[in-house]
Amino acid sequence: MNQIKPTEISVKLSADTVRVREYLDRAVRPAVLDEEAQKTYKTNIKQLMQQKNARLVAHYYTDGVLQDLAEESGGFVGDSLEMARFGRDCDAEILIVAGVKFMGESAKILSPEKTVLMPTLEATCSLDIGCPVGEFSAFCDEHPDRTVVVYANTSAAVKARADWVVTSSIALDVVEHLMDEGKKVIWAPDKHLGSYIQKTTGADMLLWDAACIVHEEFKARGLADMRKLYPNAAILAHPESPSAVLEIADLVGSTTQIINAAKQSEKTEIIVATDQGIFHRLQQVAPEKKFIIAPTAGNDATCRSCAQCPWMAMNSLESLYGSLQKTGNEIHVDSALAAQAMIPLQRMLDFAANNQLKVRGKA
Ligand code: 13P
Ligand code: SF4
């Protein structure tokens with residue numbers, strides 16, 4: 001097992017922190033709308049979507065009102081793998097992706113003939129920011145013997161440099177498959193997810209050094225204390241959380257895998273280590289259960305995001321209406337780059353179609 005951290009990666013990290021802060025400064029929260037205003041926006045958006053043959057695809061971390069709108073209007077709410085699949089398979093002319101930029105780009109790559117819009121183009125991801133294509137490409141060039149596996153939370157250019165794209169629901173299975181083929185892996189960008197896969201599979205992986213600012217805030221010590229407070233609760237965690245948190249968790253999985261586990265669990269109290277936007281769906285699928293957010297450092301301490309992705313939170317009814325009305329905030333991906341990025345993305349979708357994905361742990 002090889003876990004080299006080359007010097008240039010450590011140097012890069014401090015630059016990343018600065019870059020992430022710059023983006024965070026621009027992550028302005030939308031205004032809170034009263035019920036009447038929400039109703040009016042929803043009616044107008046539904047009308048526009050019908051007129052323009054548009055469909056809304058939303059991630060579980062977006063505001064519950066957007067998730068409901070997607071469901072009510074024949075769109076879709078899901079994890080990043082399912083969003084990509086739905087976007088590719090639906091017959092709309094316009095896809096509106098409520099989520100973050102890499103999700104819009106994946107939709108465009110998989111459906112170049114569709115117009116892909118986003119409520120805001122400012123919604124990015126600290127993993128995407130933490131993996132600039134120039135540095136990543138140079139790193140890959142230094143290790144030509146390794147298969148390059150990148151998380152979906154990356155730019156189209158990084159995907160184009162990869163052999164495989166994976167999401168959290170499929171990453172373990174793909175790396176196991178590569179191991180069976182005797183392959184050594186470069187993994188980017190999430191170091192926590194990478195080290196979780198490395199520990200679980202024993203694969204030979206070189207890890208890029210970036211993290212999700214939301215999941216990184218979950219604290220193992222606080223979680224252990226919480227377990228004492230709720231001794232009968234199940235703990236469900238997203239694999240972008242730090243390893244000490246994942247070690248305590250009963251189940252580690254993607255957002256959809258967490259929702260399914262919460263529904264199936266016999267436990268009535270569930271502690272969840274992921275963005276709290278997911279509580280909207282959790283409460284829908286298991287209204288009788290009590291869901292508790294896993295502890296972070298807290299608003300007044302070091303926590304920058306406190307279990308809520310600042311970029312996912314930028315998606316709003318207002319911005320969605322604006323982009324749809326003007327057919328603005330369109331996602332463009334250079335066609336040659338898209339064709340190159342399509343190869344590892346398609347590889348992932350084919351793998352998902354041909355394999356029953358495993359979920360680790362039991363809640
Ligand atoms: P999922 O693939 O589990 O939906 O995760 C996407 C993401 O950005 C988690 O932070
Ligand atoms: Fe990126 Fe983390 Fe936000 Fe997911 S929650 S989009 S990984 S910053």
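All of the numbers you see were taken from the coordinates with simple rules; none came from a lab. Quick caveat: nothing in here was measured; it's all calculated off a predicted structure. Counting neighbours? That spans all protein chains shown, and the Cβs are built from the backbone with ideal geometry, glycine included.
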| note | With only helices counted (DSSP H, runs n ≥ 4, each -39500 (n - 2.57)), the per-residue ellipticity at 222 nm for the chain, to the nearest 500, works out to -14000 deg cm²/dmol
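What ranking do Ser323, Ser106 get, fewest neighbouring Cβ atoms within 10 angstrom at the top? If you can, show how the numbers build up before the last one.
On the way: Ser323 19, Ser106 32.
Result, fewest neighbours first: Ser323, Ser106.
Let me know the shape class of segment 160-253, please: from the alpha-carbon gyration tensor, a ≥ b ≥ c as square roots of the eigenvalues, rounded when a/c is under 1.5, otherwise prolate if a/b is greater than b/c, or oblate.
Values: a/c = 2.70, a/b = 1.98, b/c = 1.36.
Cα axes put segment 160-253 in the prolate bin.
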| query | Residue farthest toward the positive end of the dipole of segment 108-179, with Cβ of Lys/Arg at +1 and Asp/Glu at -1: which of Leu172, Val149, Ser111? | reply | Ser111
| query | Using a Gaussian network model of the chain with C-alpha springs under 10 Å, which one of Lys108, Lys39, Lys183 is most mobile by mean-square fluctuation? | reply | Lys39
| task | Collect residues whose amide H, placed 1.01 Å from N in the peptide plane, falls under 5 Å from the amide H of Ala98; neighbours closer than 5 in sequence don't count. | result | Val57, Ala58, His59
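Report the charge-dipole magnitude of the chain in Debye, nearest 20, computed about the Cα centre from +1 at each Lys and Arg Cβ and -1 at each Asp and Glu Cβ. List each step's numbers first, then the result.
On the way: 38 positive and 47 negative charges, 84 e Å.
So the magnitude is around 400 debye.
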| remark: For segment 273-290, in residue order, the Karplus 3J(HN,Hα) values (coefficients 6.51, -1.76, 1.60; θ = phi - 60°; whole Hz; Gly and Pro = x) are 9, 6, 4, 6, x, 5, 5, 4, 6, 4, 5, 6, 7, 9, x, 7, 9, 9
| task | Could you tell me which of rounded, prolate or oblate describes segment 13-55, using a ≥ b ≥ c as the square roots of the eigenvalues of the alpha-carbon gyration tensor, with rounded for a/c under 1.5 and, failing that, prolate when a/b is larger than b/c and oblate otherwise? | result | oblate
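As a footprinting exposure proxy, order Ile96, Ile235 by other Cβ within 10 Å, with the fewest listed first.
Numbers: Ile96 31, Ile235 26.
Fewest-to-most Cβ neighbours within 10 Å comes out as Ile235, Ile96.
Please rank Met118, Met348, Met179, fewest neighbouring Cβ atoms within 10 Å first, as an exposure proxy. Write down the numbers at each step before the final one.
Working: Met118 27, Met348 24, Met179 16.
The order, fewest Cβ neighbours first, is Met179, Met348, Met118.
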| message | To the nearest 20 Debye, how big is the dipole of segment 109-262 about its Cα centre, given +1 on the beta carbon of each Lys and Arg and -1 on that of each Asp and Glu? | response | 380
| remark: Long-range amide H partners of Arg360, meaning residues 5 or more apart or on another chain whose placed amide H is closer than 5 Å, are Val252
| field | Rounded to whole Hz, the Karplus (6.51, -1.76, 1.60) HN-Hα couplings of segment 75-84, x for glycine and proline | value | x, 8, 10, x, 7, 5, 5, 5, 4, 4
| query | How would you order 237-250, 266-279 from highest to lowest mean count of nearby Cβ atoms within 10 Å? | reply | 237-250, 266-279
| note | Under the Karplus relation with 6.51, -1.76 and 1.60 and θ = phi - 60°, whole-Hz ³J(HN,Hα) for segment 145-161, x at Gly and Pro, equal 7, 9, 7, 8, 10, 10, 6, 4, 6, 9, 6, 4, 5, 5, 4, 5, 8
